[in-house]
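To start, the structure itself, in structure tokens.
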Amino acid sequence: MRRLLSALAVTTVLVTGFPALTWAQNGFTLFSGIKRENELPLRLDFGGQANGWDRYILRIPAQKMKLAVGQFAITYPDYYKGTFDPKGIEVRVKGKKVPLSEVKWDKEGRLINIFPQDPVPAGSKVELVLSNVQNPSFGGVYYFNCQVLSPGDVPLLRYVGSWIISIN
């Protein structure tokens, strides 16, 4: 009977613990000011430590990719004092790296523009990978916004959603 209760207790801890870890890793937030349907999942590979080096994996779910995309634009707040390496930025579609024609980082405008060589197809699961990121010196919560431009579309960026990045 003791073994059965012990096994049950361990199983309960494991089953209830894994969903919490999964949600935390994907950027689940209780109160953010952003509507739940506009919050995009993300992962910080090296823990989001202040003044540390990191890799941001910013995800766009397939259901958010309603049209083909010829440009991704990431904006971030003026109080984010980290740095980016444009050469360390890549786009992955369904896990495969996509060739890029250009990546522009406008420091003053707080904007990263990413141009794939060929449009990313609608309905694709996309990851925008920002490697060699120097996190800000001070921790905080930063809202990174994603906008896209579709080929042949009116040249206006469309809002896709926001990533909520927490630096410790």
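Cross-link list 66/96; 66/87; 87/107: which exceed 23 angstrom alpha carbon to alpha carbon?
With Cα atoms farther than 23 Å apart: 66/87.
Give me the one-decimal nm value for the distance between modelled label points at residue 156 and residue 92, 7 Å along each residue's Cα-to-Cβ direction.
Each label point lies 7 Å from its Cα, and together they span 3.4 nm.
Give a residue-ordered list of calculated ³J(HN,Hα) values for segment 37-47 (Karplus: 6.51 cos²θ - 1.76 cosθ + 1.60, θ = phi - 60°; whole Hz; x for Gly, Pro).
6, 9, 7, 9, x, 8, 8, 9, 5, 10, x
Roughly how many Å² of residue 156 are accessible to a 1.4 Å probe, to the nearest 10?
110 Å²
Please identify every one of the GluC sites (Glu not before Pro) in segment 86-129 that sits in a loop by DSSP and has no more than 15 other beta carbons within 10 Å of its own beta carbon.
Loop-located and lightly packed - 108.
Is segment 48-139 rounded, prolate or oblate when judged by the Cα gyration tensor, a ≥ b ≥ c being the square roots of its eigenvalues, rounded requiring a/c under 1.5 and prolate requiring a/b larger than b/c?
Details: a/c = 2.00, a/b = 1.79, b/c = 1.12.
Prolate is the answer for segment 48-139, as a/c is 1.5 or above and a/b outweighs b/c.
The values are calculated or read from the model by the stated rules, or taken from the named source; none is laboratory data. Keep in mind that this is a model prediction, so the values were computed, not measured. A quick note on method: Cβ atoms are made from the backbone with ideal geometry, for glycine too, and the neighbour counts reach across all protein chains shown. Ligands, DNA and RNA are stripped out before the accessible areas are found, and what is left, the full protein with its side chains, is counted by its heavy atoms. Shrake-Rupley method; radii C 1.70, N 1.55, O 1.52, S 1.80 Å.
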